[in-house]
Amino acid sequence: MAMWCVRLVILQIIQLFPCVVMAGSASPGGGFSLTIDCVLGTDCWVMNYSDVVSGQSVADFTSGPRNYDGHKGINFAVRDARAMRRGVDVLAAAEGIVRNVRDTSVDRWVRTDADRAAVRGKECGNRVLVTHGSGWETLYCHMRGVSIVVKAGQKIRRGQRLGRVGLSGSTEFPHGHFSVLKNRKFLDPATGQPLGAGCDASGTSLWRAPGRLAYQPMALYAVGFSARAIKGTTVKWDASSL
């Protein structure tokens, strides 16, 4: 009976944490830089990491739950809509050439089926796709409408402003989405491994300064008081309305 209990506990742990962090390939220029002009943990936060397991299971690179099924990048959230309106720059992660730009989407909250239908096929919203050579590409999504300041074919430097954080495409909160691709396959920036590689994947971070992006199991954006009843979605995504 005791042996059966031990086996049951191990099975439950595996179900809760489907991936294990292991120690990829070197990214351009010695690693990618932070793609948002902010101070992590002060005025911006990592909201979602990449989903590193295939199928219906969901896990980030630490086996944690800070993502959602099929997420192909990392989301840097700003505090609220007010911060977005003030303007937070999206920055190039490395030197490269702009391959593709779209800046025709409007900023809007996506909360209903009708909202999702309205952005179908343009879930990335306003975007910039940059090539870095040797099959490397980076993708920047959900940028603010009419904020993109680069154009296709333009050579850009590391840290150059591409546009601003917005609420375009399939978004539920103001943030910048960043994806890394190698030979048209999405990689997890934290490990350099293809998404869906699962628990046997090993690798190294693609970030130039991985310490700045140390994993955080949770993020507290703001604390305050309200004189009226408020909804959970209001507290979570639009504290500027309080």
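The modelled label-to-label distance for the pair residue 118/residue 69, using points 7 Å beyond Cα in the direction of Cβ, is 2.6 nm. If R0 is taken as 22 Å, the Cβ-Cβ distance between residue 228 and residue 82 corresponds to a FRET efficiency of 0.75. May I ask you to list the aspartates and glutamates whose Cα is less than 13 Å away from that of residue 122, ignoring any residue fewer than eight positions away on the same chain? Excluding near neighbours in sequence, the set is 103, 107.
Remark: spin-label model distance residue 43-residue 172 equals 2.7 nm, labels positioned 7 Å along the Cα→Cβ axis.
Placing +1 on each Lys and Arg Cβ and -1 on each Asp and Glu Cβ, with no other charges, gives region 17-241 a dipole about its Cα centre of roughly 700 debye. A simple spin-label model places the labels of residue 158 and residue 100 2.6 nm from each other, with each point 7 Å out along Cα-to-Cβ.
Seen from every direction in turn and averaged, the convex hull around the alpha carbons of region 17-241 projects onto 12.4 nm². Say R0 is 25 Å: what FRET efficiency, to the nearest 0.05, do residue 109 and residue 33 get from their beta-carbon distance? Given R0 = 25 Å and the Cβ-Cβ separation, E is 0.25. For residue 184 and residue 149, what does the FRET efficiency come to when R0 = 30 Å and r is the distance between their Cβ atoms, rounded to the nearest 0.05? Working from the Cβ atoms, E equals 0.70. Would you mind calculating the gained length between residue 56 and residue 214 on full extension (0.36 nm times residue separation, minus the Cα-Cα distance), in nm to one decimal? Net length gain for the segment: 54.3 nm.
Taken together, the values in this text are just the output of simple stated rules run on the coordinates, not laboratory data. These numbers were taken from a predicted model, which means no experiment stands behind them. Note that each Cβ is placed from the backbone with ideal geometry, even for glycine, and that neighbours are counted across all protein chains shown.
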